[in-house]
Amino acid sequence: TVSFHKFGDFFFPGTGDIKDVGAKEGKYYAVNVPLKDGITDKAYKSIFEPVMEKVMEMYQPNAVVLQCGADSLTGDRLGRFNLTVRGHADCVRFVRSY
């Protein structure tokens, strides 16, 4: 599992620290990328692509399920990110390139 998400400031559920890497048989099968409020398409892409490139290289998955949460879109009061639909589409295109 790879998760790019808001983290900190007592944001629910309070999990997803970069140090959270899974447990028991799933240890080292979780990659958490905690992000702060206001991240833009450009900044997100600069994090997303190198992380996903390394994940794809290391794990070589046979299938990928990509879920782009709407709470990361500009104007959403919950997520407080600044991503656009185009930014989400760029991430989808990048993952589909594999």
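Computed from the coordinates by the stated procedures, all read-outs in this text should not be read as laboratory data. Everything numeric in this text was worked out from a predicted model, so none of it was measured. Counting neighbours? That spans all protein chains shown, and the Cβs are built from the backbone with ideal geometry, glycine included.
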Give the cross-link partners of Lys6 among the aspartates and glutamates, using a straight C-alpha distance below 12 Å as the criterion and excluding same-chain residues fewer than 8 apart.
Asp17, Asp37, Asp71
Charge context of Cys91, other residues only, Cβ under 11 angstrom, K/R +1, D/E -1
+1
Ignoring everything except DSSP H segments at least 4 long, calculate the 222 nm mean residue ellipticity for the chain; use -39,500 (n - 2.57) per segment, divide by total residues, nearest 500.
-10500 deg cm²/dmol
Coordinate range along principal axes, alpha carbons of the chain, Å, largest first
37, 33, 19
What is the gain in length, in nm to one decimal, between Val64 and Lys27 on full extension, counting 0.36 nm per residue of separation less the C-alpha to C-alpha distance?
11.4 nm
Quick one: which residues, 5+ away or cross-chain, put their amide H under 5 Å from the amide H of His5? H built at 1.01 Å from N.
Val33, Leu35
